[in-house]
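Okay, structure first, notes after.
None of the figures in this text is laboratory data; all of them are computed from the coordinates on show. Computed from a predicted model, the values in this text were never measured in an experiment. Note: ideal-geometry Cβ built from the backbone for every residue, glycine included; neighbour counts use all protein chains shown.
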Amino acid sequence: MPVSDASPSLPVRARLPINRCSLPAVLLGSVTYQRHPVPLTLDGVLELHKQLFMQLDGMTDPGQRARLFQDHMSATFSLDSPEEAGYQPGTSLDRSKASYLRTLRGWAFASDGLEGAVLKGWVESRFGLLPRYHGGLVRDVSGATYRAYLEQRARGLYGTNALEAQLDLVFTYCQYELGRQWPGRTHITLYRGVNRVGDHEVLQTLDDRRCRVLLNSLSSFTDQRDRAGEFGDTILEVAIPLAKVAFFHRLLPGKLQGEDEYAVIGGVYEVSYTNE
C-alpha cells in the first residue's frame with residue numbers, strides 16, 4: 001500500500017543552515033522544489049561578470065559562446081599565465097594547472113577522488129548540501145569519512161587560483177546555456193544505473209516502482225538509458241530540474257569526455273526504477 005503523498009523536506013542531517021544561494025538548502029533540496037523549481041543563483045556571480053553575459057546575449061552560436069566563456073575564464077583567473085596570479089616556479093607543490101577544466105575532467109574519472117571532493121565541497125559551501133558519500137558513507141560530520149573528505153577538499157583547493165569561484169562561474173554559465181538552448185523548459189529526464197535502489201538513502205517507498213531518495217550532494221546522471229545500464233542492473237529514472245544541473249559535458253564542446261553526462265545537485269528526489 002503506497003504511503004501518503006506528503007513531500008518530505010531535506011533532512012537536517014543532510015544540510016547546513018546557511019549557504020550562498022538564492023534559496024536555503026531545506027527548500028532547494030526538497031521534493032517540492034523538484035516538482036516546482038525556480039531559478040537558482042549564486043551570490044554576486046552575475047553582478048561580478050555582467051559584461052560576459054551581456055556579450056553572450058549577442059551571440060546565437062553555442063560554440064561561439066563556449067569559446068568566449070573559456071577565454072573569459074582564462075583571462076579572469078590567469079589560467080594561461082599563473083605567475084600573474086602569484087605562482088612562483090620551483091615551489092614544492094605545483095598547483096598551477098589546477099583549474100575548472102581539470103576539476104570537471106577529474107570528476108568524470110573518479111567522483112570520490114580529489115576533484116570529486118572539491119566539487120562536493122563547492123556544493124556544500126554554495127548550496128548547503130552535505131555529502132552523503134565520498135569513499136564511504138558520510139553519516140557523521142565528526143566521523144573519519146567526513147574528515148577524510150575535508151582533507152581531500154583542502155588539498156584540492158590548496159594553491160589554486162580561486163577554484164571555487166571558477167566553479168561558481170561554470171554553474172552560472174551552465175544555467176545560462178540551458179536557458180538559451182531550451183527556453184521555457186524546466187526539467188530533463190535523466191538516468192542513473194545502480195546495483196540496487198538501496199544503494200541510496202530511501203526515505204519513502206511509494207509503490208513497487210517509485211520511491212523518494214536522498215541523493216548525494218552531487219551525482220552523475222546520463223540522458224541515455226542504455227548508457228546508464230552499463231553501471232548497474234537497476235535504472236533510476238528521475239525528472240531533474242534544469243536549475244539543479246551543475247554542469248553537463250556538452251557545455252564545453254571538445255573539452256570534456258562523456259558527452260551524455262550530467263552532474264546533478266543533490267537533495268530529496270522522487271524516482272522511478274526498473275530492473276534490467
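Miscellaneous remarks
- Membrane-span-like helices in the chain, defined here as complete DSSP H runs extending at least 18 Å along the helix axis by their C-alpha atoms with mean Kyte-Doolittle hydropathy no lower than -0.5, are 114-127, 163-181; this is a sequence and geometry rule, not a statement about a membrane.
- Length-normalised contact order for the stretch 45-181 - Cα pairs under 8 Å, 6+ apart - percent: 25 percent
- Test item: Cα-centred dipole of the chain, Lys/Arg +1 and Asp/Glu -1 on Cβ, debye: 400 debye
- With q set to 0.14, 0.17 Å⁻¹, the log10 of I(q)/I(0) for the chain, from the Debye formula over equal scatterers at the Cα positions, is -1.03, -1.51.
- Per the Cα gyration tensor, the stretch 161-251 maps to an equivalent ellipsoid with semi-axes of 27, 15, 13 Å, ordered largest to smallest.
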